[in-house]
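Data first, discussion second: the structure below is written as structure tokens.
Just so it is clear, none of the values below were taken in a lab; they were calculated from the coordinates. These figures come from a predicted structure and were not determined experimentally. Cβ atoms come from the backbone with ideal geometry, glycine included; neighbour counts cover every protein chain shown.
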């Protein structure tokens, strides 16, 4: 089989591109939440609950469940920080809001509550930016997880432009 020089160059380019594609997963870029946005989400969440008369803690974790920001309102119990972080971690672990996970997986809820760093309670909300999950916020201290979650959702709604137009 005798290939013309142009065909040889084309075949070489195809082989090189296939080799590059085979190694493309070795290094990749991920989006995650930055400190300033995490701080602002935690602050807006605490303020949203305060307006409702609730003293809460809000904890923001990144896409790997690493703590980025934590705020405890003046009158919130110290335990609310731990519970809020564990709710955020549950959202990261499940990939959905913690209340939604709680409702859909009653069969394993008790077992998951024995894992360090997780609690299956409503109040952990996924944070997405530009369609990509970048973290989660957990809230604790309001009288019920539904109210905790509502405060987080209000905060995310207030910051929607920063989340929708994130690079």
Listed peptides 157-163, 105-111 by packing density, highest first (mean Cβ within 10 Å): 157-163, 105-111
Using Cα-only point scatterers and the Debye equation, what is log10 of I(q)/I(0) for segment 35-164 at each q in 0.15, 0.19 Å⁻¹, rounded to two decimals? -0.57, -0.93
For residue 115 and residue 78, FRET efficiency with R0 = 25 Å and r from the beta-carbon atoms, rounded to 0.05? 0.70
Using a Gaussian network model on the chain with a 10 Å cutoff between Cα atoms, which of 101, 79, 28 fluctuates the most? 28
Using Cβ contacts closer than 10 Å as the measure, can you line up 103, 57, 43 from fewest to most? 103, 43, 57
Pair residue 27, residue 106: separation of 7 Å Cα→Cβ label points (nm): 5.0
